[in-house]
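The structure appears below as structure tokens.
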Amino acid sequence: IILVAPRLDRLADLKAEIEKLAPRPQVLITTDANEVAAQTDVLVTATSAFDQKIIDIEKLKPGCVVCDCSRPLDFTLEDAMKRPDVLIIESGEVVLPGSKRQFTCDLGLPEDIVYACLGETAVLAMEGLYEPFTLGRDIEWNKVKQIYQLAVDHGVELAAIRGVSGFISDKEIELARAAALEKRRTG
């Protein structure tokens, strides 16, 4: 596991916490994502980097799967077009249970799909829990497990996989895989 963030001291604390919970995986820390991009099989981003690229897509390992949890997204359609051998998916979208909901604002998502943060708020309301669970940077692992179980109990489901240009089909996944295998073969 490679953790990347601007502040090395916070990374060291997180590394220690992960190693306490799960001592088997090797945990490395760095402040430069590009430094480790070529060895990255799966990249999960959750940033607030509005004015800069957190990683150069050209440096990613062929076949890397990017799960972009950031809002706004860290990777664009242009990035995806540059690297057809890298699969970029969005994350953090769920389908709430029950009949269709009426929203008074446009979330920019297909009908019945909401961002997981909104889904979390809905689940907490269904439970009658009026407290923040996973708000901010200091998220407690037991709260993550608890909100997950509550979501399962209430019938919240993960939404279909979406990328920078909409839903990702099995064919698109296979095309990205084929491009990655070809790029690895030809160097």
**Prompt:** On average, how much accessible surface per residue is there in the stretch 140-187, in Å², for a 1.4 Å probe, leaving out ligands, DNA and RNA?
**Reply:** 74 Å²
**Request:** Any chance you could count the Lys pairs in the stretch 1-136 whose alpha carbons are under 28 Å apart, treating pairs 8 or more apart or on different chains as valid?
**Result:** 7
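Listed highest first by mean packing, meaning other Cβ atoms within 10 Å per residue, what order do 137-148, 119-130, 50-61 come in?
Ranked by mean Cβ neighbours within 10 Å, highest first: 119-130, 50-61, 137-148.
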**Complete:** Projected area averaged over all directions for the convex hull of the alpha carbon atoms of the stretch 1-67, nm², comes out at 4.9 nm²
**Request:** Express as a percent, rounded to the nearest 5, the fraction of DSSP beta bridges in the stretch 1-145 (both residues included) that run antiparallel.
**Result:** 20 percent
**Fill in**
By the mean-Cβ-within-10 Å protection proxy, highest first, 66-77, 154-165, 17-28 rank as 66-77, 154-165, 17-28
**Message:** Considering just Cα atoms, how many Å³ per residue does the convex hull of the stretch 1-139 enclose?
**Reply:** 158 Å³
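Measure off, as a whole percent, the carbon and sulfur share of the 1.4 Å-probe accessible area of the chain, all protein chains present.
Here carbon and sulfur together make up 55 percent of the probe-accessible area.
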**Message:** Once ligands and nucleic acids are excluded and a 1.4 Å probe is used, how much of F103 is accessible, expressed in Å² to the nearest 10?
**Reply:** 90 Å²
**the stretch 31-152 - percent relative contact order, Cα under 8 Å, separation 6 or more** = 17 percent
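The values are calculated or read from the model by the stated rules, or taken from the named source; none is laboratory data. What you are looking at is a predicted structure, and each value in this text was computed from that prediction instead of being measured. Note: ideal-geometry Cβ built from the backbone for every residue, glycine included; neighbour counts use all protein chains shown. With ligands, DNA and RNA removed, areas are computed over all heavy atoms of the protein, side chains included. Shrake-Rupley method; radii C 1.70, N 1.55, O 1.52, S 1.80 Å.
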